[in-house]
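Novice: Quick one: this structure, given as structure tokens, is what I'll be asking you about.
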Protein chains: 2
Amino acid sequence: MESGEKLSPVTLAYETYGTLNAEKSNAILIAHAFSGDAHVSGEGGWWNGIVGGGKGIDTDKYFVICSNVVGGCQGSIGPSSTNPKTGKPYGTDFPIVTIGDMVNAQRHLIDHLGIERLLSIVGGSMGGMQVLQWMAAYQNRIRSAIPIATTLKHTPQQIAFNEVGRQAIMADPDWQNGNYYDSAGPAKGLAIARMIGHITYMSDTSMAEKFGRRFRADCAPKFGADFEVEGYLHHRGDSFVKRFDANSYLYITKAIDYFNLLNGHSLGSIFSGLKAKVLVIAFKSDWLYPASQSQEIVKACKLSGVDASYCEINATYGHDSFLVETEQEGRLISSFLRSLSNGGS
Amino acid sequence: MESGEKLSPVTLAYETYGTLNAEKSNAILIAHAFSGDAHVSGEGGWWNGIVGGGKGIDTDKYFVICSNVVGGCQGSIGPSSTNPKTGKPYGTDFPIVTIGDMVNAQRHLIDHLGIERLLSIVGGSMGGMQVLQWMAAYQNRIRSAIPIATTLKHTPQQIAFNEVGRQAIMADPDWQNGNYYDSAGPAKGLAIARMIGHITYMSDTSMAEKFGRRFRADCAPKFGADFEVEGYLHHRGDSFVKRFDANSYLYITKAIDYFNLLNGHSLGSIFSGLKAKVLVIAFKSDWLYPASQSQEIVKACKLSGVDASYCEINATYGHDSFLVETEQEGRLISSFLRSLSNGGS
């Protein structure tokens, strides 16, 4: 790991879609966001609007790979996995994970699949950080990159939102310093953390369109959720608890907060030497990873002479736009990918 | 109360500064924001940059009144007060409070002080909501009004932030359904709620200027606060717990969330008939109560033929600007107040 700690053996859960061609030149790796998993396409797939036959990332043409990140809880090794030394779940004995560690594991995966060079690496939010890490660390392994709704470094406000979520989890007595795997776990704290997250993923506009100030039909008790927006947040919090591990929440948000490609480097140096083509996508209403941060990525590319395009989509759904407003996004991605095939490499 | 419930007797804590003139025409009522109190000026006063001798609201000229809101915990009646029926603190038996209830209590206070008409009513944030409520409900009792960094109605995003804070308090087992007054109380939950609040009071820019991505000097344990911004939020959360009651947090945030002057009314009707002069102040970097919401207040005034001016201050401190960047704000207020004296009424 980047921390110097060792982690072994490492299990990585991944899915693939489509067929790898004989030249092994049509592989696209998709990196998931904070709470995502390897299941990117098909029923229940987190990016099914973009990935599939005839879609923006066309699985009839491309061989698509998506793996769950190290530190996660959807099949890859993480704090809920068994520590071979103790026979019990790692809990907080799991080593600190970085975006670099996640990407190093992915690089091992594409080695394992025999792929010398990815046609593209694509991802939004934390997935976008992994894309940027590939652009900085494995320049010869990618022909193109599509970082979406992301940033070169986490800002104090972004760190602050994550920190409040972590505090909510760790304040829950059922967290028990991370050793909760034989009991219910910190459900209340994790739900609150997710509620905070959801506010930052949406926009005031999308919330106003979706809920306005409407009250719920069933009469809520005092300090119950009497506005629809409150009921929605509770619902999202509760359903998250069923599918996500609280310790993974801690590890992955810390990985995001530690992310800083500029650490000691100038803007013009981080992508220097990169031959890959880059498409940067941002969304106007995204206030968690505002368009200005995507423009900074473009600036870093341009300062290094990297071939980069920038598209800002006028969607209202806030940061979640990259997941839910997929029509324009899909068209941009498919025509970018097509241009790669046409131009050769 | 606006809910129909009765509350009696009602204690209101207030402070006054300066001298009421013989005509009783120089009285200015200041309404505090969410966590404020009656102590607006002097050492430790929450708006000492604005209120005092020779300052923006000059206590050498004006008679300044500030009272703690109903539902609060700084001397006025609230959930931590003793319920005369039981001899114990009200807790959640305290009736639901609205901004209208707060203003009605203030109106009783100025009756008690023998003041027929306030020279001005001034306040920011929740204080601004009280100003707007005065403008709608007690038009003959005010000669002018200064709503600052506020809104005609709480939006779903604003409600959502408050709701997460409430959930953090109520998820703390030490909350005990609000009956915690013989024990320590929900300190962890209340601190988390305050941390969320603080993020929304600042701006990404002010956080970046204040902390950047600097790490703290003392090495934090895993998942401790290793960034300075985290340490700051913890500090603000912990110091808030020492001075604020968790149940008051619930009641006052609900009062804010219920606030909606537009409820069933058109924008042009809510201030119709108002003869008072109005100065609306907003801050460019305030994303919790964005300038667009202040512009909506101006629009409501103009549609009713109310004499309203609008000033947007280019401060970087986010919503907290109204409390901390007081130089321009003070000048705007003092010249507005001077114009009232010159023009008569």
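What follows draws every value from the coordinates through simple rules; no lab data is involved. These numbers come from a predicted model, not from an experiment. Glycine also receives a Cβ, built like all others from the backbone with ideal geometry; neighbour counts cover every protein chain displayed.
Novice: Per 0.36 nm of contour for each residue apart, how much would the distance between B:Gln139 and B:Ser8 grow if the chain were fully extended, relative to their Cα-Cα spacing?
Specialist: 44.5 nm
Novice: Treat every Asp and Glu Cβ in segment B:194-319 as -1 and every Lys and Arg Cβ as +1, leave all other atoms uncharged, and give the resulting dipole magnitude about the Cα centre to the nearest 20 debye.
Specialist: That gives a dipole near 180 debye.
Novice: Given the convex hull over the Cα atoms of chain B, what projected area results after averaging over all orientations, in nm²?
Specialist: 18.0
Novice: Right, next: Taking Cα atoms, how many degrees apart are the long axis of helix A:326-343 and the longest axis of chain A, rounded to 10 and kept between 0 and 90?
Specialist: On a 0 to 90 degree scale, this one is about 20.
Novice: Hey, what angle do you get for helix A:187-201 against the long axis of chain A, alpha-carbon based, 0 to 90 degrees rounded to 10?
Specialist: 50
Novice: May I have the convex hull volume per residue, in Å³, for the Cα set of segment A:1-117?
Specialist: Spelled out: Cα convex hull of segment A:1-117, divided by residues, is 109 Å³.
Novice: Rounded if a/c is under 1.5, else prolate if a/b is larger than b/c, else oblate: which is segment A:64-214, with a ≥ b ≥ c the root eigenvalues of its Cα gyration tensor?
Specialist: Since a/c reaches 1.5 but b/c is at least a/b, the shape of segment A:64-214 is classed as oblate.
Novice: Also, I was wondering about something else. Please report the antiparallel percentage of the DSSP beta bridges confined to chain A, to the nearest 5.
Specialist: Restricted to chain A, the bridges split so that about 25 percent are antiparallel.
Novice: Using the structure shown, list the pairs from B:Lys88/B:Lys242; A:Lys55/A:Lys275; A:Lys254/B:Lys284; A:Lys55/A:Lys299 with a Cα-Cα distance above 24 Å, or answer none.
Specialist: In this structure, A:Lys55/A:Lys275; A:Lys254/B:Lys284; A:Lys55/A:Lys299 lie more than 24 Å apart at Cα.
Novice: Using a label point 7 Å beyond Cα on the Cα-Cβ vector, give me the inter-copy distances for A:Val324 in nanometres, one decimal, shortest first.
Specialist: The projected label point of A:Val324 is separated from its counterparts by 3.3 nm.
Novice: Neighbouring Cβ atoms within 10 Å as the yardstick, rank A:His32, B:His112, B:His39 fewest first.
Specialist: By the 10 Å Cβ count, ascending: B:His112, B:His39, A:His32.
Novice: Top mean-square fluctuation among A:Phe211, A:Phe94, A:Phe271, Gaussian network model of chain A, C-alpha springs under 10 Å?
Specialist: Evaluated over chain A, the most mobile residue of the options is A:Phe211.
Novice: From the residues B:Phe211, B:Gln295, B:Gly18, which one has its Cα farthest along the dipole of chain B in the positive direction, the dipole being from +1 and -1 charges on Cβ of Lys/Arg and Asp/Glu about the Cα centre?
Specialist: Among B:Phe211, B:Gln295, B:Gly18, the one farthest towards the positive end of the dipole of chain B is B:Gln295.
Novice: With +1 on each Lys and Arg Cβ and -1 on each Asp and Glu Cβ, and nothing else charged, work out how big the dipole of the protein assembly as shown is about its Cα centre, in Debye to the nearest 20.
Specialist: Charge dipole of the protein assembly as shown: 720 debye, to the nearest 20.
Novice: Kirkwood hydrodynamic radius, computed over distinct alpha-carbon pairs, for the protein assembly as shown: how many Å, to one decimal?
Specialist: For the protein assembly as shown, inverting the mean 1/r across all distinct Cα pairs yields 27.1 Å.
Novice: Between copies, how far does the label point of B:Pro84 sit from its twins, in nm, shortest first, when each point is 7 Å from Cα along Cα→Cβ?
Specialist: 7.4
Novice: Separation of segment B:228-304 and segment A:175-234 by C-alpha centroid, Å?
Specialist: 22
Novice: Would you list A:Leu250, B:Leu12 from fewest to most Cβ contacts within 10 Å?
Specialist: Going from least to most buried by this count: B:Leu12, A:Leu250.
Novice: Please list, ordered by chain and number, the residues whose modelled amide H lies under 5 Å from the amide H of A:Phe227; skip anything fewer than 5 residues away on the same chain.
Specialist: The list, which skips near neighbours in sequence, is A:Arg216.
Novice: Here's another thing I want to ask about it. Mind giving me the FRET efficiency for A:Ser309 and B:Glu327? R0 is 56 Å, r the Cβ-Cβ distance, nearest 0.05 is fine.
Specialist: With R0 = 56 Å, the Cβ-Cβ based efficiency is 0.80.
Novice: Next question, about the same structure. Test of understanding: given chain A, find the longest segment containing no GluC sites (Glu not before Pro) that are in a DSSP loop and have at most 12 other Cβ atoms within 10 Å.
Specialist: Formally, the longest exposed-site-free interval is A:117-345.
Novice: Same structure, new question: Angle check, please: helix A:126-137 long axis (alpha carbons) against the longest principal axis of chain A (alpha carbons), in degrees 0 to 90, nearest 10.
Specialist: Here the helix axis deviates by roughly 40 degrees.
Novice: Given segment A:181-330, what whole percent of its Cα pairs are spread farther than 19 Å?
Specialist: Beyond 19 Å sits 66 percent of the P(r) for segment A:181-330.
Novice: Any idea what % of Cα-Cα pairs in segment A:157-256 are farther than 21 Å?
Specialist: 39
Novice: I need the inter-copy label distances for A:Gly212: point set 7 Å along Cα to C-beta, values in nm with one decimal, smallest first.
Specialist: Copy-to-copy label distances for A:Gly212: 4.8 nm.
Novice: Considering the dipole of the protein assembly as shown built from charges on the beta carbon (Lys and Arg +1, Asp and Glu -1) around the Cα centre, which of B:Val278, B:Leu113, B:Pro221 is farthest to its positive end?
Specialist: B:Val278
Novice: Can you put B:Leu332, B:Leu118 in order, fewest other beta carbons within 10 Å first?
Specialist: B:Leu332, B:Leu118
Novice: Enter the per residue convex hull volume of segment A:245-329, computed from alpha-carbon coordinates, in Å³ rounded to the nearest integer.
Specialist: 124
Novice: Which residues' amide hydrogens lie under 5 Å from the amide hydrogen of B:Ala27, considering only partners 5 or more residues apart or on another chain, with H built in the peptide plane?
Specialist: B:Phe63, B:Leu119
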